[in-house]
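Everything on this sheet refers to the single structure shown next.
The values are calculated or read from the model by the stated rules, or taken from the named source; none is laboratory data. Worth saying up front: this structure is predicted, and the values here are computed from it rather than measured. Neighbour counts are summed over all protein chains in view; Cβ atoms, including those assigned to glycine, are modelled from backbone coordinates with ideal geometry.
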């Protein structure tokens, strides 16, 4: 895998295929590949870590299951009762199709089939553990030489409950750590700008503790992904301007309801947020990235590429620091972000919503004291060694 941490763009169009550099990683949902089959051959050449997300959580929803993009894979109708009770059906119709599909699309890694579970009380949580165990067995039986990752797709209320978080970590680490290469974590309906501090701290602690044993990637998350990477995440993934959060509700909507236009706004990495085009013009915002070239860009394509360069550069800087200095660096960035917002308020009267900045700062303050158990063991060994020397 590439050096940690790194940003993984979630690709839904061909804008990336013409860029003159290689990517640390690229993630494409399998149904997008089926929709644009020529895309995979281009994109897979741009990175050594090409990820095909099987997106099997969509199969529980008829609106998604009926799409031709999924029918091309050959999945039969997914009836919950049969998935729960028929091991042969799970193996032949779900696990085999899911893994074979990723292999045929040249995915560097494999992600076991998974469904969305709101909580550990949701029967789909235990089903996911079963699917993971049976996927491991299938890979071993067929001598498949690709690393396997688990997708943990859960509701946002879970991370506020330490006992449940402990249970999830124990189940995955105790039962599967020896067979897994790592984890993807996808939190449903998570808006990290609006979420309360308890949710953000809970999520950060979940990612930190899960990352002690294996690399953890956070999927479908915006700028808070940079905070999580400074704390312990190996990388994070999001779309470029949209698809920065995940909501099961969209899978129950019609095609017309799902359509979203690219909002006329530009990402300002200095404040971890977007402002609209008129505000950017009013404050004279300029960016020196390779696409902006010290100008104010206006096209949708350029705005997406600007986001990409901003996020890749942020990860490059973090990658040169150790964990403690990563947190300190991000705290400095948040302080500068607040200062920039305050300055723009005073000069231009712009009313940015920045309640997330002090909350994110509090998350970093709390996380600075977290230690992996192995670090605590090493510290204790050093202390005992010093005691022995002085006796």
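Among the residues of segment 149-159, count how many are within 22 Å of residue 108 (Cβ to Cβ) and assigned to a helix (DSSP H, G or I). Show your work before the answer.
As a first pass, look at segment 149-159 and keep what is within 22 Å of residue 108 (Cβ to Cβ): 149-153.
From what's left, assigned to a helix (DSSP H, G or I): none.
Looking only at that region, the number is 0.
Can you go through 62, 72 and tell me which one is farther than 22 Å from residue 221 by Cα and in contact with a helix residue (DSSP H, G or I) (Cβ under 8 Å, 6 or more places away or on another chain)? Outline the logic, then answer.
Numbers: 62 fails: in contact with a helix residue (DSSP H, G or I) (Cβ under 8 Å, 6 or more places away or on another chain).
Selected residue: 72, the only one of 62, 72 that is farther than 22 Å from residue 221 by Cα and in contact with a helix residue (DSSP H, G or I) (Cβ under 8 Å, 6 or more places away or on another chain).
Looking at residue 160 and the list (1) in contact (Cβ under 8 Å) with a residue 24 or more places away in the chain; (2) under 20 Å from residue 234 (Cα atoms), which single condition is not satisfied?
Condition (2) is where residue 160 drops out.
Out of 88, 44, which single residue is more than 29 Å from residue 133 (Cβ to Cβ) and out of contact with any helix residue (DSSP H, G or I) (no Cβ under 8 Å at 6 or more places or on another chain)?
Values: 88 fails: more than 29 Å from residue 133 (Cβ to Cβ).
That would be 44, the only listed residue that is more than 29 Å from residue 133 (Cβ to Cβ) and out of contact with any helix residue (DSSP H, G or I) (no Cβ under 8 Å at 6 or more places or on another chain).
Based on this model, can you work out whether residue 243 counts as at pLDDT below 95, assigned by TED's automatic domain parsing to the domain that holds residue 197 and under 30 Å from residue 182 (Cα atoms)?
Values: at pLDDT below 95: yes; assigned by TED's automatic domain parsing to the domain that holds residue 197: yes; under 30 Å from residue 182 (Cα atoms): yes.
Considered against the rule, which asks whether it is at pLDDT below 95, assigned by TED's automatic domain parsing to the domain that holds residue 197 and under 30 Å from residue 182 (Cα atoms), residue 243 comes out as yes.
Residue-wise test of (1) surrounded by fewer than 16 Cβ atoms within 10 Å (Cβ to Cβ); (2) touching a helix residue (DSSP H, G or I) at 6+ places or on another chain (Cβ under 9 Å); (3) assigned by TED's automatic domain parsing to the domain that holds residue 218; (4) over 14 Å from residue 5 (Cα atoms).
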position	(1), (2), (3), (4)
296	yes, yes, no, yes
299	yes, no, no, yes
308	no, yes, no, yes
311	no, yes, no, no
315	no, yes, no, no
318	no, yes, no, no
322	yes, no, no, no
328	yes, yes, no, yes
346	yes, no, no, yes
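Quick one: which residue in 335, 354 is surrounded by 10 or more Cβ atoms within 10 Å (Cβ to Cβ) and at pLDDT 95 or above?
When all the criteria are applied, what remains is 335.
Residues being within 15 Å of residue 370 (Cβ to Cβ) and free of Cβ contacts under 8 Å to residues at least 60 places away in the same chain: count how many of those fall in segment 186-208.
Narrowing segment 186-208 to residues within 15 Å of residue 370 (Cβ to Cβ): 200-208.
Now restrict to residues that are free of Cβ contacts under 8 Å to residues at least 60 places away in the same chain: 202-203, 206-207.
Residues that pass the stated criteria total 4.
Quick one: in segment 42-57, of everything that is buried (at least 20 other Cβ atoms within 10 Å of the Cβ) and in a helix (DSSP H, G or I), which residue is modelled with the lowest pLDDT?
Per the stated criteria, the residue is 43.
Does residue 209 satisfy being within 30 Å of residue 66 (Cβ to Cβ) and either in a helix (DSSP H, G or I) or modelled with pLDDT under 95 (or both)? If you could, list the steps in order and put the result at the bottom.
Numbers: within 30 Å of residue 66 (Cβ to Cβ): no; either in a helix (DSSP H, G or I) or modelled with pLDDT under 95 (or both): yes.
Here the answer is no, as residue 209 does not meet what is asked.
Which ones in segment 49-88 are within 23 Å of the chain's Cα centre (by Cα) and under 14 Å from residue 124 (Cβ atoms)?
56, 57, 58, 59, 60, 61
Does segment 297-314 hold any residues that are in contact with a strand residue (DSSP E or B) (Cβ under 8 Å, 6 or more places away or on another chain) and farther than 24 Å from residue 25 by Cα, and which are they?
Of the residues in segment 297-314, the ones in contact with a strand residue (DSSP E or B) (Cβ under 8 Å, 6 or more places away or on another chain) are 297, 303, 306-308, 310-312, 314.
Residue satisfying the conditions is 297 alone.
Can you pull out every residue in segment 163-185 that is in contact (Cβ under 8 Å) with a residue 40 or more places away in the chain, under 14 Å from residue 202 (Cβ atoms) and in contact with a helix residue (DSSP H, G or I) (Cβ under 8 Å, 6 or more places away or on another chain)?
If the condition is that a residue be in contact (Cβ under 8 Å) with a residue 40 or more places away in the chain, under 14 Å from residue 202 (Cβ atoms) and in contact with a helix residue (DSSP H, G or I) (Cβ under 8 Å, 6 or more places away or on another chain), then 164, 165, 168, 169 are the ones that fit.
Is it the case, given these coordinates, that residue 225 is assigned to a helix (DSSP H, G or I) and under 21 Å from residue 55 (Cα atoms)? Spell out the reasoning first.
Details: assigned to a helix (DSSP H, G or I): yes; under 21 Å from residue 55 (Cα atoms): yes.
Yes.
Scanning for something closer than 20 Å to residue 247 by Cα, in the same structural domain as residue 57 (by TED's automatic domain parsing) and either in a loop (DSSP other than H, G, I, E, B) or at pLDDT below 95 (or both), does segment 160-182 turn up at least one residue? Walk me through how you get there before you give the answer.
In the first step, residues of segment 160-182 are kept if they are closer than 20 Å to residue 247 by Cα; the result is 160.
If we keep only those that are in the same structural domain as residue 57 (by TED's automatic domain parsing) too, we end up with 160.
Those still in the list that are either in a loop (DSSP other than H, G, I, E, B) or at pLDDT below 95 (or both) too: 160.
Checked against the condition, which is being closer than 20 Å to residue 247 by Cα, in the same structural domain as residue 57 (by TED's automatic domain parsing) and either in a loop (DSSP other than H, G, I, E, B) or at pLDDT below 95 (or both), segment 160-182 yields at least one hit.
Can you tell me which residue in segment 123-148 is farthest from residue 39 (Cα to Cα), limited to those that are part of a loop (DSSP other than H, G, I, E, B) and in contact (Cβ under 8 Å) with a residue 12 or more places away in the chain?
First, pick out the residues of segment 123-148 that are part of a loop (DSSP other than H, G, I, E, B): 142-147.
If we keep only those that are in contact (Cβ under 8 Å) with a residue 12 or more places away in the chain too, we end up with 144, 146-147.
On the way: 144: 25, 146: 22, 147: 23 Å.
Result: 144.
If a residue has to be modelled with pLDDT of 80 or more, within 20 Å of residue 312 (Cβ to Cβ) and outside any strand (DSSP E or B) to count, how many in segment 14-41 make the cut?
Matching residues across segment 14-41 total 3.
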